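In what follows, a structure is listed as structure tokens, so that the remarks can point back to it.
The values are calculated or read from the model by the stated rules, or taken from the named source; none is laboratory data. Bear in mind the structure is a predicted one, so any value in this text is a computation, not a measurement. Here the Cβ is made from the backbone with ideal geometry for all residues, glycine too, and neighbour counts use every protein chain on show.
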């Protein structure tokens with residue numbers, strides 16, 4: 001039995017010395033009492049330097065409070081599993097560690113093992129940076145598209161609509177002041193009614209391209225009007241309900257919410273649709289959610305220059321898709 005115990009002890013000590021993971025013993029006040037070579041080699045401090053100072057001194061300042069709190073729980077008997085924090089090496093380099101620790105009450109010692117996850121964290125950081133870069137590019141793309149749309153909308157409204165209105169006024173004068181043959185009068189009346197349709201069409205297209213109402217009256221009024229117009233034009237009942245503080249939404253979110261509704265309703269026009277549509281925007285403590293209910297979600301989400309999914313990703317929102325309903329949720333961390 002003695003020999004078996006000796007062999008096991010030697011193997012344990014060899015594992016303690018050779019493992020690349022941190023293996024530590026610490027006392028209740030928070031000082032290292034024993035560490036394996038991986039701790040010394042990674043942090044760059046001698047054993048004497050590690051033992052002479054509180055462990056807290058080696059922890060990244062931003063992680064000290066969280067570590068202190070978790071250690072306090074550990075000393076009450078709660079095991080510490082997969083807890084991550086950062087240490088600072090003697091040369092100032094940041095090392096990410098993932099700890100599993102237990103408190104040995106009889107010895108008043110903490111036994112802890114940690115994996116060095118610095119490479120994993122750096123890879124995650126690189127992915128986050130790439131994601132933020134792509135989000136920024138998507139946001140820039142949206143801004144450029146909206147700027148171009150606004151220019152076209154202004155040109156339509158200010159140039160073509162005014163020209164069409166002038167033609168309409170001239171035709172109206174001719175109808176009133178010049179006597180024409182029956183056929184001539186019919187053609188003048190037709191031209192007059194066509195000019196009315198032309199002016200209305202230009203204004204409607206101008207709004208669809210870039211809704212000036214959104215800047216002037218806000219998202220709630222714009223969506224309320226847009227749903228009424230959709231109902232009048234298609235015969236499909238569309239109702240909007242909103243309970244939210246619009247001042248808490250950034251201009252980007254307001255525009256994206258409108259564009260999502262617009263894109264979805266434009267796709268609905270191309271489909272066989274009889275079910276009423278309900279659009280709601282509801283706000284809770286820290287989030288706001290846009291829901292469009294009564295649509296064929298799978299078909300609607302297939303189309304569009306910038307899909308609903310891409311638009312939601314561009315502002316970091318969440319998209320929930322059900323068979324007859326989609327919900328877009330975003331945090332209220334952007335100020336108007």
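Scanning the range 72-100 for residues that are touching a strand residue (DSSP E or B) at 6+ places or on another chain (Cβ under 8 Å) and in a helix (DSSP H, G or I) turns up 73, 74.
Listed here are the helices (runs of 4 or more DSSP H) enclosed by the range 204-305 that have at least 1 residues being touching a strand residue (DSSP E or B) at 6+ places or on another chain (Cβ under 8 Å): 219-234, 251-269, 297-300. Checking 300, 272, 264 one by one, the residue that is surrounded by 19 or more Cβ atoms within 10 Å (Cβ to Cβ), modelled with pLDDT under 85 and within 23 Å of residue 229 (Cβ to Cβ) is 300 and no other.
Each row is one residue, and each column tells you yes or no for (1) touching a strand residue (DSSP E or B) at 6+ places or on another chain (Cβ under 8 Å); (2) assigned to a loop (DSSP other than H, G, I, E, B).
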{"site": "102", "(1), (2)": "yes, no"}
{"site": "107", "(1), (2)": "no, yes"}
{"site": "114", "(1), (2)": "yes, no"}
{"site": "119", "(1), (2)": "no, no"}
{"site": "127", "(1), (2)": "no, no"}
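For residue 98, state whether it is in the same structural domain as residue 112 (by TED's automatic domain parsing), modelled with pLDDT of 95 or more and over 17 Å from residue 110 (Cβ atoms). No; evaluated as a whole, the condition is false for this residue.
Would it be correct to say that residue 133 is closer than 19 Å to residue 20 by Cα and not assigned by TED's automatic domain parsing to the domain that holds residue 24? Spelling it out, it is not the case that residue 133 is closer than 19 Å to residue 20 by Cα and not assigned by TED's automatic domain parsing to the domain that holds residue 24. In the range 279-303, the residues that are touching a residue at least 60 places away in the same chain (Cβ under 8 Å) form Cβ pairs under 6 Å with partners that are buried (at least 17 other Cβ atoms within 10 Å of the Cβ) and in a strand (DSSP E or B), at six or more places apart or across chains, as follows: 281/242; 281/290.
Candidates 232, 134, 160, 198: the one that is at pLDDT 75 or above and surrounded by 15 or more Cβ atoms within 10 Å (Cβ to Cβ) is 198.
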